[in-house]
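The values are calculated or read from the model by the stated rules, or taken from the named source; none is laboratory data. For clarity, every value in this text was computed on a predicted model and none was experimentally measured. We place every Cβ from the backbone using ideal geometry, glycine too, and count neighbours over all the protein chains shown.
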Amino acid sequence: MKVYNYLEQVIGEKGASFLVLVDPDKLSPGKTAEFAKMTKSAGVDGYLLGGSLLLKGNMEEYISLLQKNSGLPVIIFPGSVSQVYPGADAVLYISLVSGRNPDHLIGNHVMAAPYIKKIGIETLSTGYILVESGKVTTAEYMSGSKPIPRDKPEIAMATALASEFMGMKLIYLEGGSGAEKPVPDIMVKMVSSSVNIPVIVGGGIKDAATAAQKVKHGAKIIVTGNHFEDEENWESIKDFASAVHYKNQVII
């Protein structure tokens, strides 16, 4: 099954999908197998894999460890063209539509396309929208683009619509790694109610209640990464999954 179809199926059955972002620079290979087994049992639906710099991690090793120990799809979340590797189940083919840097709108895509075609990896075309989150995030700094002000949901909505009209399969509202504040609910609601493709929300989601709020306002995929880089927070992953999978909740 294609990863996109799998995500649609999860959304249909559970209400929304919960993905965990794994940064090879933040999670050691020795811990990855344990993390994969634990997240699988906790109800995670899959993984995003990547980082802004990738100074230490071996992407191929992490792809293998996550797949073998969870059986869940591994989707590359590339911080650069060099992070696209064979063996992964899919790659987010990201266009940074909130910015005006041509390299992040189309330039890097042209460089990566022949290689992606060669290795045959599934592409998930994604309109990536950076949202102001209370501080300068790595994504903002590395991309050299300003985020959309958090009090301007109409700009995010129009940007998301343009992305859908250009044929993109997903919208990603991103607060950024280590964001102080998550994407505002009103922005999630306005974007989700305006487009007919799944909306991903990530950045600054530090508890299950916040994850549930984003889903309540229309998010179809929740991504959390930075919060689970602290091993002490691993025990809360099941709570996040339960909050996102609202169709699975039993009302007594």
Checklist outcome for this item: With the first residue restricted to segment 215-232 and required to be closer than 21 Å to T32 by Cβ, and the second required to be polar (S, T, N, Q), Cβ contacts under 7 Å at 6 or more apart or on different chains are G225/S177; N226/S177; H227/N233
Item to check | Of all residues in segment 50-70 being more than 20 Å from Y141 (Cα to Cα) and in contact with a helix residue (DSSP H, G or I) (Cβ under 7 Å, 6 or more places away or on another chain), the one that is surrounded by the most Cβ atoms within 10 Å (Cβ to Cβ) | outcome: L66
Checklist entry - L173 fails exactly one of the following numbered conditions: (1) at pLDDT 95 or above; (2) surrounded by fewer than 24 Cβ atoms within 10 Å (Cβ to Cβ). What is the number of that condition? => result (2)
Checklist outcome for this item: Checked segment 29-49 for anything crowded, with 17+ Cβ neighbours inside 10 Å and among the hydroxyl-bearing types (S, T, Y); matches are T32, T39, Y47
Checklist outcome for this item: Taking segment 222-252 and keeping residues farther than 17 Å from E180 by Cα and hydroxyl-bearing (S, T, Y) leaves S236, S242, Y246
Next on the checklist: Please verify whether I221 is out of contact with any Lys or Arg (no Cβ under 9 Å at 6 or more places or on another chain) and among the β-branched types (V, I, T), treating the condition exactly as stated.
Outcome noted: yes
Next on the checklist: Just the residues that are surrounded by 24 or more Cβ atoms within 10 Å (Cβ to Cβ) and closer than 15 Å to K181 by Cα, please, taken from segment 205-221.
Outcome noted: I205, A211, K214
Checklist entry - Which residues, counting only those in segment 1-36, are at pLDDT 95 or above, closer than 28 Å to K216 by Cα and charged (D, E, K, R)? => result K2, E8, E13, K14
Checklist entry - How do the pairs read when you match residues in segment 107-133 that are on the phi < 0 side of the Ramachandran plot and modelled with pLDDT under 95 with residues anywhere that are surrounded by 17 or more Cβ atoms within 10 Å (Cβ to Cβ) and of a type in the set (D, E), using Cβ under 9 Å and keeping only pairs 6 or more apart or on different chains? => result S133/E140; S133/E174
Checklist entry - If you scan segment 76-115, which residues turn out to be part of a strand (DSSP E or B) and touching a Phe, Trp or Tyr at 6+ places or on another chain (Cβ under 6 Å)? => result L92, I94
